[in-house]
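Encoded as structure tokens, the structure appears first; notes follow it.
Quick note: the coordinates plus some simple rules give every number you see, no bench work behind them. As the structure is a computational prediction, the values presented were derived from the model and not from experiment. All Cβ positions, glycine included, derive from the backbone under ideal geometry; neighbour counts span all protein chains shown.
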Amino acid sequence: MTDHASNKIGAKSALILIEYQNDWLAPTGGINGQFQDREQIDTAVENSRKILAEARRRDMEVIHVRMVLEPTYRMLGEGKYGLRKMVRDYGSFLGKQTEFFPGFEPLDGEYTISERTGGSSAFAATTLDSYLRNNRIFDIYVMGFALRQCVESTVRNAHDLGYHTNVIYDASAAFTKEQQTSFLSDIAPFYANAVTAREFLTQA
């Protein structure tokens, strides 16, 4: 796959927000209580608000990716282990839990992906790849929840598809500090540029 260069004059870029939904971020969310590092998630939400506002100011492409499932979870199969089992156990991504967390609702004209079928990557069985390619966007910034699950899967997938991939890691949250640290040392060097919110916000 081609690794498209980034930051060319006039080149398009996109900010991809992964699962800014009540399930993750609302105090009543089914998954919210699993975050052991509360400072990390609070920081991620605060940074994400700033980044989203700046991306809109820059007229970047903003893409919202969410997970919406149906109560029987038939698309997950038997789900005897891993995330497919956890989603069922927590009763995740149903009803109001799937709604966007206040402050992260898409604006008119911002692309929203809701057709995911239980895959961790935002590219899995969605229109994301075709949408980016049809609009000639190869420079992407990814942030969201959770860092070691859907964000990591998306970043790995994007790298394999040839995108120039940046992950804003402190606008994303892992369940523990150790998970965030291992992502930065063991995963990011092979699949993405790891950037901070501050670095994104101060880019020329």
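Pairs under 8 Å by beta carbon, first residue under 19 Å from Glu110 (Cα atoms) in the stretch 18-32, partner among the β-branched types (Val, Ile, Thr) and outside any loop (DSSP other than H, G, I, E, B), six or more apart or different chains?
Ile18/Val65; Ile18/Val142; Ile18/Val151; Ile18/Thr154; Glu19/Val65; Gln21/Thr98
For the stretch 110-204, list the helices (runs of 4 or more DSSP H) that sit wholly inside it and hold at least 3 residues that are closer than 24 Å to Phe35 by Cβ; which are they?
Passing ranges, in order: 152-161, 177-182, 197-201.
Restricting attention to the stretch 171-183, does a residue exist that is in contact (Cβ under 8 Å) with a residue 24 or more places away in the chain, out of contact with any Cys (no Cβ under 7 Å at 6 or more places or on another chain), surrounded by 18 or more Cβ atoms within 10 Å (Cβ to Cβ) and more than 13 Å from Gln40 (Cβ to Cβ)?
No: the stretch 171-183 contains no residue that is in contact (Cβ under 8 Å) with a residue 24 or more places away in the chain, out of contact with any Cys (no Cβ under 7 Å at 6 or more places or on another chain), surrounded by 18 or more Cβ atoms within 10 Å (Cβ to Cβ) and more than 13 Å from Gln40 (Cβ to Cβ).
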